[in-house]
1. Quick check: anything in the stretch 34-46 farther than 19 Å from residue 77 by Cβ, over 18 Å from the mean Cα position of the chain (by Cα), part of a helix (DSSP H, G or I) and not small (Gly, Ala, Ser)?
2. Restricting the stretch 105-124 to residues that are surrounded by 11 or more Cβ atoms within 10 Å (Cβ to Cβ) and in a helix (DSSP H, G or I), which is modelled with the lowest pLDDT?
3. Just to be sure, is residue 75 in the same structural domain as residue 37 (by TED's automatic domain parsing), among the charged types (D, E, K, R) and in a helix (DSSP H, G or I)?
4. Go through the stretch 33-78 and give me each residue that's at pLDDT 95 or above and of a type in the set (Asp, Glu).
5. Take the stretch 40-86 and flag every residue that is of a type in the set (Gly, Ala, Ser) and under 24 Å from residue 4 (Cα atoms).
6. What is the number of the single condition among (1) of a type in the set (A, V, I, L, M); (2) closer than 26 Å to residue 9 by Cα; (3) under 18 Å from the mean Cα position of the chain (by Cα) that residue 103 does not meet?
7. Would a scan of the stretch 57-72 turn up a residue that is outside the structural domain of residue 122 (by TED's automatic domain parsing), assigned to a loop (DSSP other than H, G, I, E, B) and more than 24 Å from residue 18 (Cα to Cα)?
Amino acid sequence: MATLTDATTTVAELRERLRAFVHERDWEQFHAPKNLSMALAAEAGELMEHFLWATPEASSEIAQRPEKRAKIAEELADVVIYALEFANVTGLDVAGAIEAKMAANAKKYPVEKARGRSEKYTEL
């Protein structure tokens with residue numbers, strides 16, 4: 001199997017590989033949106049667990065530790081896999097959804113008001 005990288009792999013390719021993987025195992029029967037959204041939340045929790053109780057500065061250091069990176073990468077992969085499978089099952093276009101959300105966020109968080117600030121858009 002060829003090595004995938006962000007620079008050379010499209011979202012469509014990832015979705016198709018995932019679709020084939022799920023189909024080969026007859027897992028479609030288990031992949032209702034409810035189940036996938038719950039699995040996604042569970043995996044996000046497992047990713048967060050690596051940084052539990054760490055300061056923001058320490059969390060950046062933890063993410064760079066060679067002995068932790070592989071496990072963190074596995075949890076990130078699980079999160080993305082479930083998100084992409086959710087998109088497959090629901091027919092949502094990931095790139096389109098991201099583009100629409102970023103456009104909405106650009107309106108809620110205009111650069112001149114939001115730059116360098118962490119407040120919610122209602123407080124800018």
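1. Here is the first cut: in the stretch 34-46, the residues farther than 19 Å from residue 77 by Cβ are 34.
With over 18 Å from the mean Cα position of the chain (by Cα) added as a condition, the list becomes none.
No, that holds for no residue.
2. 121
3. Details: in the same structural domain as residue 37 (by TED's automatic domain parsing): yes; among the charged types (D, E, K, R): yes; in a helix (DSSP H, G or I): yes.
Here the answer is yes, as residue 75 does meet what is asked.
4. 43, 46, 49, 57, 61, 74, 75, 78
5. Filtering the stretch 40-86 for residues of a type in the set (Gly, Ala, Ser) gives 41-42, 44-45, 54, 58-60, 63, 70, 73, 77, 83.
Within the stretch 40-86, 44, 63, 70, 73, 77, 83 meet the criteria.
6. Among (1) of a type in the set (A, V, I, L, M); (2) closer than 26 Å to residue 9 by Cα; (3) under 18 Å from the mean Cα position of the chain (by Cα), the lone unmet condition for residue 103 is (3).
7. Within the stretch 57-72, the first condition is being outside the structural domain of residue 122 (by TED's automatic domain parsing), and the residues that meet it are 57-72.
With assigned to a loop (DSSP other than H, G, I, E, B) added as a condition, the list becomes 65.
Add one more test, that the residue is more than 24 Å from residue 18 (Cα to Cα), and what stays is 65.
Checked against the condition, which is being outside the structural domain of residue 122 (by TED's automatic domain parsing), assigned to a loop (DSSP other than H, G, I, E, B) and more than 24 Å from residue 18 (Cα to Cα), the stretch 57-72 yields at least one hit.
The values are calculated or read from the model by the stated rules, or taken from the named source; none is laboratory data. Values in this document were obtained by computation on a predicted structure and should not be read as measured data. Counting neighbours? That spans all protein chains shown, and the Cβs are built from the backbone with ideal geometry, glycine included.
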